[in-house]
Each structure stands twice: as C-alpha cells, then as structure tokens.
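Readers should treat all values here as calculations from the given coordinates under stated rules, not as data from a laboratory. This one's a predicted model, so the numbers in the text were calculated from it and none came from an experiment. With ideal geometry, Cβ positions are generated from the backbone for all residues, glycine too; neighbour counts draw on all protein chains shown.
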Amino acid sequence: MSSDQFFGLYNYWIVVFLMMTGFYIVIARKNMIKTVIGLNIFQVSVVLLYITMGKVTGGTAPVIPPALAGQHDAHDQHDTHAAPSGHTPAANATAANETVDHGHADHVTELAHELAHELTHDATGDAIHGVTETAGVIYTNPLPSVLMLTAIVVGIATTAVALSLIVRISEDYGTIEEDEILQMDRRQ
Amino acid sequence: MIEYLDFHLPVLTIVVPLIAAPLCVLLGARTMAKLLSWVVCWITFGLSVWLVAKVSAVGKISYYLGGWEPPYGIEYAIDPLNAFLMTFISGMGAIVLMYSGPSLSDEVPQSKHYMFYALYLLCMTGLLGMCATGDLFNVFVFLEISSLSTYALISLGKTRRAPLAAFQYLIMGTIGATFLLIGIGLLYQMTGTLNMADIGVQLESYRTAGVVVDGVQGPPHWEGSRTMLVAFAFLTVGLCIKMAVFPLHTWLPNSYTYAPSVVTCFVAATATKVSVYAFIRIVFGIFTPTFAFELLPLDTALWSFSLVGIFVASIAAIYQTNIKRRLAYSSIAQIGYMLLGISMANQHGLTAGIVHMFNHALIKGGLFMAVGCFALRLGSVHLDDWRGAGKTMPWTSLAWATGGLGLIGVPVTCGFISKWLLLTAAMENELYPVAALMLVSSLLAVIYIWQVVEVLYFSPPSEKAKKATEAPLIMLVTTWVVVGATVVFGVWTTWSAGLAGDAARVLLGGGTP
Amino acid sequence: MNNVTPEAMIQICLALPLVALLLVVVAGRIPNLREACTITVSSVLFYVTCCLAGHVFSGARPHWSLGDVMMPGFEIAFTVEPLGMLFALVAAGLWVLTTIYAIGYMRGHHEINQTRFFACFAIAIFAALAAAFSANLFTLFVMYEVMTLSTYPLVTHHGDEKARNGGRVYLGILLSTSVAFFMLAIAWTWSVTGTLDFTEGGVLATAFSEGKISQRQLAILFCLFAFGIGKAALMPFHRWLPAAMVAPTPVSALLHAVAVVKVGVFSVLKIAVYIFGIDLIADTHAGDWICHVAAASILLASLVAMTKDNLKARLAYSTISQLAYITLGAAIATEASIIGGGMHIAMHAVGKITLFFCAGAIYVGAHKSNISDMRGLGRAMPFTFGAFLIATISIIGLPPGGGAWSKYFLALGAVDSGKAFLMGALMISSLLNIAYLVPIPIRAFMAPVETPEEDTQDKHSGAGGWKIKEGPLLCVVPLCITAVGSVALFFFANHIYQWLLPIVQAGH
Amino acid sequence: MFVSVSILTLLAVTAIAIARMRDLWAAVMFTGIFSFLGASWMLILDAPDVAFTEAAVGAGISTFLMLGTLALAGKKEKPTTASPIVPLLVVGITGAALVYGTLDMPHFGDPAAPVQTRIEPGFVEKSQHDMHGLPNVVTALLASYRGYDTLGETAVIFTAGIAVLMILRRDPEDCDHRVTQKSASTEKKGRSS
C-alpha cells in the first residue's frame, strides 16, 4: 500500500470507523435511547461518507459569488463566446423565454441540453477536463449535498418516530431496557 | 385532458394518494377520511390499470419528473414488471381498505381512524414510489415514507407489545435503509450517477475482456470491482433486512403478530414483495446477472440461505399457536422460494420468482384477511380458540382452507403454479437436490396449514367458537375476492405466468447488452 | 343417445357427479329427496358411461380440452382410451350400487353429517372419472389431488380422535408422496420431454434415445412415479390404507376398494403404457426395482393380513397385496402383464367391494367387526356370507371367479419376462390368500355357534344360530349383485381382453 | 490539513465516548457535540448547506427531542449482561467489508473521480443556465432536478408528524389503555405469586 493510497483513503476509513461505532451502539446496547443515539451517529457518518465523495481538491463550495453569477448571466445572454453557428442566439433566446414557462419543461430541457453541449465545448479549453468548473472556479460537486439534505431530514423523522415509540413503551412497561421488557413479556 | 392524464400517468399514480393523505388529516372526521381514502385507493388502482394497459401497448415508459432528464433529474421507468406490481399494490390496498371497516373499529380507537387512513395512503404511496422510480436515491426516499408509516401503523395494535414490535422493526428497518444508503453511495462513487439504467451502463464500462490463458478466453473481469462488490453486498443486505430473509427476519414475526389485522393484511401482501422487486431490479437492472452471479457466488449464497430459511421458518411455524405468528413465519419461508427462483438467474427461474411473488402476496393476503375475520368474531388468534369454528363461521373457514391449499401448492390454486415453475426451473438448472428439498419443505406447509384446518373443522367447538357468528358481509366478500383470485390465477395462468415471463425477459435482456 | 357425440358424452360424464353434488347440497335437508337425486344421477351416469364405452371400445378416441387458459402443457384435457374407459365403467357402475348400499348403511347406523358425506362422495367420483379420462399427466395429477382432498372429510367422518388420527395419516402419506415424488417425477418428465401428454408408445423413448435421460435415471423415474402415486399403496407407503378404515364402510367399499386405490394403480399403469411405453420399460429394465418392491409388497401384505382380526383391517391388507399385483403388472411391462393388470382393476374392484359390503352388512346387522366373533354367523346371514365366499374365490383367483383370468395373465406376463421368482411370489401369494380369506366364510358357516355370554348379550342374532337376521335390505341386495358380477366377469373376460388389446398393440 | 485531522480525531473520540457512556443525558449531549463536529467537517468539505442543516437538525432538534424523551423515560442506562462479542464480530465484518470496498475507490478529492466527471456539463453549469444563475447551486438543485426527492422528503416529515401524533395520543376511550391496565394487573399478580 502506497502512502498515496493511504492518504487518499484515510478520510474514508475514519468515516467507516464512525459508522461502525454507531452501528455497534445500535446492535449491542439494550437501552432504547442509546440505540437511537447509535442510529443517529450511524446516519451522520453516512452523511459524512457522501460529503467526502463530493469534495474535489482545490474546489470551493458550490455557491456562485454574485459577481461571477452576474457575469455568467451576461455571458449567457450576450453570447460573448464565439458562436459556432448562427442559430445559437435564437436558441438562447427561446430558451430564455421558455424557462419562465414551466409548462413546456420537456422542450426546455431539450434546448438546455443542446445549449449546455455547446458551452462545454467552449469551456474545456484549459480547465481540468470534466471537473465542474465555471469561469475558472472549481466547485465541489453539489449533488451529494443535495442528497444529504434529504437524508438528514429523513434521519430526524426516523428519530422522532423512534423516540415517540420509546415514550409509549416506557409508559406501558415502565422501562426502556429491552432485556427487562422481554423478561416481562415472557413472565406474562 | 385525457392526453394530459395519459402523459402524467406514472407520477399521478403516486402523487394522488400522496396528496390525499394530508387531506385525510385536514378532514379529520372519520367517515370523511374513510370515504376519501376509499375513493383515492380506487382511483389509484384505476390509474395503475391504465398504466399497465399503456405499458403493454407501447412498451417501457420513461417519465422525467419535472421534465428534468436523467442523469440530472429523476426518472420514472415503467416496464411490465413494476406496472403490474403497482397495479397489484394499489388493488390490494383498495381491497384491504374496503375490508378494513369492522375490523378497524374493533381494534383501533375511533379517534385515531383518520390518522390511520392518512398513514395507510402514505404507506401505499411509498410502496408505489419504490416500484415506479428509476432513480436509486429516490428508492431510498420512498422506502422511508413507506417504512415510517408502516412503523406507525404497526404500533396501532391492541396490546402494549405492538409499539415494542414497531420499535424493533424501526431499528432493523433503519439499519437496512442505512445499509442501502451506503450501497447507493458507493455505487454513486464509482459511477457518478444515480439513475439505475445509467449506473448499469457505467458499470459495464468497468468490464474488460477476460485474460487469455493458454488460448482460452477467461471470464470477463471488472476493473475496480472491489468497491462495486461491497456496494452490491450492502444493497443486498439492506434489502434482505426489508425482505426478512432468514437470518435477518427477526423483526417480522412480532410486527405481523401484534399489528392490527388490517395492517398485517396489507403489509404482508405488499411490503416485503416490493423489497423483493427492488432486489430484482438491482440484481438485473443495475448489476448484470453476469456480475452478480459470476463475480460473486451470489446464487449459491442465495439458495443456501433460502433453503435453510425455508426449513427453519417452516418448522418454527409449526410450533406457533398464535395463527398470525404462524403465518408470519410462513411468510419468511415463502420469501425463500422467491429468492430461490431469482438465484437461478435465468428465464424460467426469474419467471418463477416473480410469479411466486404475486401468488404468495395474494395467498398470504387472503389468509391474513381470513385471520382478521376470525380475530373479529372470536376475539382471538390462538389455535385453541379456533376449535370448531368451521361450524359457526363456515365461509371464513372455507376461505382459510382454500387459501391454505394455495399455500401448500395444491393444483388449481396459484400456489401450485409457482411451485411448479420453481421446480421445473430447478430441474432445468440441474439443481436436483434443491428441487427435492423444495418439495420436502412444502410438506412442512401441509403440516402447519392442515393443523389449523383440522382444528377448524374436526374439533369440538371452543366456548368462543360456539358463540361466534359469521364475519360481516363486507369483510367476507373482500376476503373471498382475494381468495377467489388465488384460484382464478391457478387456472387462468397464461396471463400471470405470461406477464411474469415477459417481465423476466425484459429484465434479462435489459441487463445484458 | 345415438345423436350425442362421444365428445359431448365426456362432458356429460364429468358434469353429472357435479350435478349430483349440487343436488345433494341443495336437497340436503330432505334425506329422501337427496338420496333419490344421487341414485338417479348415478344411474344416468352409468348409462352414459356405457354408451361412451361403446364408442371407445369400437375404436373411437374422443378428446375434449378445457382450452388453453393454462400455460402450454398444462391444460385440463381429456382423451378416452380403453384402459381409462374400463376404469370409468367400473367406477360409475359401482357408484350406483354403493349409493344404494350407503343409504342402507348410513341410515341403519344413524350416521351424522350425511349431506357432507354424499357431497364429498360425488366429488370423489368426479375426480375418479376425470382421472380416468385424463389426457395428460397434469390433469391426472390435479384429479389425483382433488380425490385426496375430497376423501379426507370422508375418512374423518366421525370426527373423533381416532378418525382424526386416521385422517392425518391418510392425508399425510397421500399428500406427501404426491408432492415429494409424484410432482418431482412429473417435473422431471416435463424437463426431459417437454410434454406431459399421454401418447401411445410413450414419450420417454425419444428422450432416452437422444440421451437426455440415462437407463438408471429411467429406473429412478419409474420408482418416483410408483412411490409417488401413494394411492397405489406400494410398501412402505401403504400405511394410509389401513388408517383410512376408520371411515364408514361404504367409503371403504367404494373408495378403498374401487375409486381411490384404483386411481392409484390405474395411474401407474397408464404412466407405464403412455409415458414410458412398455417397450422402453422392457428394453431398459426400468421397472426391475419396482418388480421386487411389488413382489415383496404382495407377500408381506398377505402375511400381515393373516395377523389381523379386524375384518376391515384384514381386507385392507388384502387390498394392499392385490394392488401390488397391478403395479407388478405395470413394472413387468409385457403385453400380457399390462392386460392382466388392467383386467385386475375390474376384477379386484368387483370382488373387493363385495367383501367390504359384506363387512359393512355384518357390522350393521350383527354389530361385529372382529373375525373371531363371527363364528357361526353365516347361519344368521347366509346371503352375506354366501356373497363373501364367492368374492373370496374371485380374489384368490380360482375359477369361476373373475380374478382367475387377471391372475392368469399376470402370471403369463411374469413368465414372458423370464423372472422366475415373480412366478413363485404369485403362487405363494395365492396360497396366502386362501389362508387368510377362506377361513372367514367357512368358519361362519361351519363353526359352532358363539359362546353363551355372547348369546345373552345379543339375543336376536346369535340365538339358535339358525334364525335369519340379515342386514338392511338396501345393504344385502347390492352385495348380492356384485357377488354375481364377480362370477359373471369370469365369462366376460374375453371381451375385456379384446378391449384392452389396443393399448398394448398401439405401442408397437 | 491540521484542522481536518483534529476534527476527525475528535469525531472518533466522541463516538467511542458515547459508546462507552452509561449516563444517557451525557450521551445525548455528546451526540450533539458529535453532530457539531460532523457539521464543521462538512464545512471544510465545501458543503455549507449540509453543515448548517446538520447543526440545526442533528445538534439542535434531535438533541432537544432526545432530552425530552429522557425526561419522560429515565436517564440511566442499566449495564447489560449480554456479551459484546457477537455485535463486535458483526461490526468488525461489516467494517472490514467497507474498508475493503474503499480500496478501489477514487481517492479523496480526486478531480478525475466519476462523481466529478460523469455528468457533463456538471450540475453547477447546468443549473446556472436552467436557473438563471441562482447563486446557491445546492438550493437550485434541491428545487429543480432533485425536486421530487424534496417532495418525498416533505412527505417523510409529514408521515413522521402524523406518526408521532398518533403514537403519543391517548384517549379515554382508547382501548389500549384498558389493555395496558389489564396487563399491568396481571403482571402484578404474576409477581406476587
């Protein structure tokens, strides 16, 4: 194993370690609240796994500085880059018009895609190939963040349901230790 | 209007119950919520029937949600298999809901009914969404919708053990979902996309021709396969927990036993089957069978686990005196048969697995519905209290017996068809010991079913059975619709087996380029 | 019925038991009407079956299929060929007599649940006919299972612990053998040949010549079929038959002498002839293992029968032994043995049903079920024991009983095949038959009257030993008819031979 | 580098501490800290949106909910007698599998990883066009391409809301109550006998 590989994967291993600690708490601890805590740690670690994936060296958060955003907008509308053919301005105009009208989303996507193709042809000039890059700035992949926002919310929803079940169980049984509850049930 | 509906059909099927759920809560009143959920269920069923018709007419449908095309946006990919499964889920949902009335009033306090209906619709939404989607992360989201609502529904049970069972299921289910999420993450890491079809294409790019040794072309080789293997393993384990495959089944018996009868009917008929479907989709839709079965000894692993599970669970079922628990163990065993079919990974085996998925859902649904009728009238699901109920509740008992015959796999019931298909598929793969063991294991079903039939018909009646009257008409009729369907599909097999065959062909053809 | 096509006759034959079922259920509350319906329908059925037999024995092979609602290869289809026709004829004919007998028995015995009894009976007859007419293994299997399930309530008819235990053994063995072996064998056949149709000359011959199945595998397959058809009661899967004797006697009579057990051996014969083909069995010696098993069954069952004091139990073991004859016939698979086996279905059916009728009549009339209690009873029940004697002669295989011919053909087959030990087994078995059956009527007629204490207990029947005290008339008449029938078959055997000849010749 | 290593170490230490802790109140607090640490690492990994959500939801709401539950259900964890060997084995195998799985993974921050290169043009560019330069790309994605997931997420919250309401609700006519009391009484009987 090269040190390169070690440092390249070190982050992941820590995340795996965190995940497994959480997982261990879930399956080894008989106290229900502790189990839920374990579940929380497990889920947060999975979030970290995803976020780690999205990171790109030298990248910044996928938030476009206002200046760049404006520039980009301008670039979009005035088509400052050399247009390969005459139809592009027209296509751009249509796209701009129709983006507002979400009813014809399909059509728009098609056009946007077409447009995007042209743009990448232009952009690949000197940037590292393929990395999400706009106007010279490298951005970290935003998709894992998007997914994890959903996952965090799902996680808290699960936690809430689990906790309410715990409250209910503790009302009914007077304890939240699984061992004791099982014993009670067996005695019945 | 029709055109509009037709175009948005895939998403409407899922969004209609989703929107109806908050409405149920807003309406609050019991009858209104009930009426609304009835109507919505039948509309959903209608929509999904339409969807099936459309799919069989034009073939696979891709629907881009919000018009964002994949791999950017989320895609709904409807093919014969999931269209049929969606029809089944919504149909079963509607039938069970019709059935639910008296049983629900008996087992769940009135004040919670409107929430029950909302959660029921949400559960259905989640299951339908899992079927329809072509996006892996979306599977996770809808899985959670269905799971959360299932946990809550299970906790509605009469005894204090119900919340406990729900909690146990929640822990197991969340572990499963998290495993799934890890698997999805690893796949995303290797392919950079979440669209299932696209992942499949990307994974193929890792495939290189096998090394030539002594002029013989070796098996194909995957570059960087270690991550994919682990991703596959995590997806499989995660789904196996949701499917209740043998060593990971611990949540299921308690959940099925202590949940309200209605919930058990619906969950037993649909939830595990959707997980089986998701598994099929992942094995055949994303990973190619060559990957799953060449690189990994998945087939051997699956069928050995299945067989052990079948035997252990069937034997456990024999010793249960609580009928719901008995059927729950039987469900664990039956999942084994489905996996057995899938593990054969060829046309016949896959067809058999899919057919059994539907047939078993029908049979188990019908049986649990009969159990619900008994629970309502006898106030118990214990074998002793059922003695002699055949006299006072003849139609319910007959429904149970018919469903039981289906589970055993007697000819002219649909259980026979799936058993037969599995058997011939095993023969074709020259898995003779598997075929023989499968048949022997089905004898165990004879024991645990027939014990109940014998108690119903040939025992002196218990105190409770003497006083019992026949179940309410609506419950009886709906039960018989489902039980009757098991017989209809046992005779009229060209449709079910034919459709499953088509689905298997699509899966196998779609999996290998 | 001249203007009715044979195809329509099949439908009528199959529909009539179901009509009977419907009528029985509808008229359940009025016993007289209910029984009248059953008798009428069964008579009509017998008539239609005879008409159909006319067509079939003159060479027609009517076919009727339920269409292809099922998967390819899995259609419910019916083709009538001579072997099945003969079996159907026997079943339909004896249904009439059994119904009459059952009325006498059930009423004389004040049985409960008579409607359920007659309803299940009708389903069983339907299954027997449908199995007889089946055009493929699938149909046969379906009907086989229908029969198992429909007779289960008959076996557990009394509903007490003993009946339930009997029912458990009955269902347990029949269902498990059929599921574990029969179904496996069918699936195997399907995977090798791709068809389940009964074809003249067999379907496995091609598969064998193409190397899809080896010689040893053929033998295993034959074993699977022979053991899988648990109704053929081949040892060691025979336990269900004695267990089923807890049922009311008419059930034992019709089902365990005719319908159920005969469906078993009939299936074995039919599979031997139409799935394997007799030439294939003869060439590959596929049936050799079963020959040994069957021969052992014949002898062992006869020996066990001698130890049984309960009349019905003794008859049950006798049945096991006689059924093994037919399986043996199928396993030897020569022309003569197949014809002998087919013939024995009819001969044994008529003979054994007589014996069971007698057992039932004795039980109803004198409340005796143990052989040791029947000394001298013959003088009180001369008709019953007379019939018993005649039937005994037929079962043993002595002229002028019908059984003589079938056993002759079976022996001929054994000689043809060159297996001397089979010949020996058949001989010894006949001697054993004499030993365990003949003493019963002889003692009933010859032995001195019962001990005094028995007399005081049961004054009307035994006292003096000369006073005629038969069972109910409805019981005695049918058994006399069948006794006469078993003699008549002796003179009729040539016809049966002619009818069955096409099935063995078609294979060549 | 130093910051991220120290955060990672702290995360690991916190996780172990939580696993070993018997005082539930402290454990909940530490879970909050764990979430905060996780959030700060996410910030380093260029995911401010997730970091803020995690801080608010994970460290905030979830801690709050757990404390509430603790108030109702007791604060001490009882020592278990069960042997930790089986769970350790399961965790060990799972962890080993995951580590094995990482071996073929693109390295941390690798610009050539499929995650970065697969989709062309990337989400940032595409969203700039489709969304008219909405500055926060994550928000843009959440509302557009993955909008359906967001709908699902809302449904999850809604489901959880009803579920919690339903589970916690007790009515006088509630048949649960009756059953609970009955079972409680039978339990007492069982104890006394």
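The label point for D:Ala71 and the one for C:Glu210, both projected 7 Å from the Cα toward the Cβ, are 7.8 nm apart. Straight-line cross-link partners of C:Lys270 among the lysines, defined as a Cα under 21 Å from its Cα and at least 8 positions apart when in the same chain: C:Lys231, C:Lys262, C:Lys407. Model label points for B:Ala436 and C:Ile220, set 7 angstrom from Cα along the Cα-to-Cβ axis, are 0.7 nm apart. The order of C:Cys358, C:Cys13, B:Cys123, going from fewest to most other C-beta atoms within 10 Å of their C-beta, is C:Cys13, B:Cys123, C:Cys358. Would you work out if segment D:1-77 is rounded, prolate or oblate? Take a ≥ b ≥ c from the square roots of the eigenvalues of the alpha-carbon gyration tensor; rounded if a/c is under 1.5, else prolate when a/b is larger than b/c, oblate otherwise. Because a/c hits 1.5 or more and a/b fails to exceed b/c, segment D:1-77 counts as oblate. Using the average count of surrounding beta-carbon atoms within 10 Å as a protection proxy, the listed peptides C:369-375, C:132-138 rank, highest first, as C:132-138, C:369-375. Sorting B:Glu204, D:Glu77 by the number of Cβ atoms found within 10 Å of their own Cβ, with the fewest placed first, yields B:Glu204, D:Glu77. Using a ≥ b ≥ c from the Cα gyration tensor of segment B:72-143 (square roots of the eigenvalues), is it rounded, prolate or oblate, where a/c under 1.5 gives rounded and otherwise the larger of a/b and b/c decides, a/b for prolate? It comes out oblate by the Cα gyration axes. More than 66 Å apart: what percent of Cα pairs in the protein assembly as shown qualify? Considering the protein assembly as shown, 22 percent of its Cα-Cα pairs are separated by more than 66 Å.
On a 0 to 90° scale, report how tilted helix C:161-177 is relative to the longest principal axis of chain C, with both axes built from alpha carbons and the result rounded to the nearest 10. The angle comes out at about 20 degrees.
Between the helical axis of C:473-505 and the dominant principal axis of chain C, each derived from Cα atoms, what acute angle in degrees is found, rounded to the nearest 10? Result, in degrees: 20. A Cα-only calculation for segment B:297-513 places Rg and Dmax at 18.0, 64 Å. Once you sort the root eigenvalues of the Cα gyration tensor of segment B:415-513 as a ≥ b ≥ c, which label holds: rounded (a/c under 1.5), prolate (a/b larger than b/c) or oblate (the other case)? The shape class here is oblate.
Per residue of D:68-78, other chain Cβ atoms within 10 Å of the residue Cβ number 6 on average. Rounded to the nearest 500, the 222 nm mean residue ellipticity of chain B from helices alone is -25500 deg cm²/dmol, with -39,500 (n - 2.57) taken per DSSP H run of at least 4 residues. For chain B, the tally of Lys pairs with Cα-Cα distances below 18 Å comes to 13, considering only residues 8 or more apart or on different chains. Spin-label pair C:Ala36-D:Ala82: with each label point 7 Å from Cα along the Cα-Cβ axis, the two points sit 7.3 nm from one another. The relative contact order of segment C:241-324 comes to 35 percent, based on Cα pairs under 8 Å that sit 6 or more residues apart. In chain C, the longest principal axis of the Cα atoms and the axis of helix C:288-307 are about 0 degrees apart.
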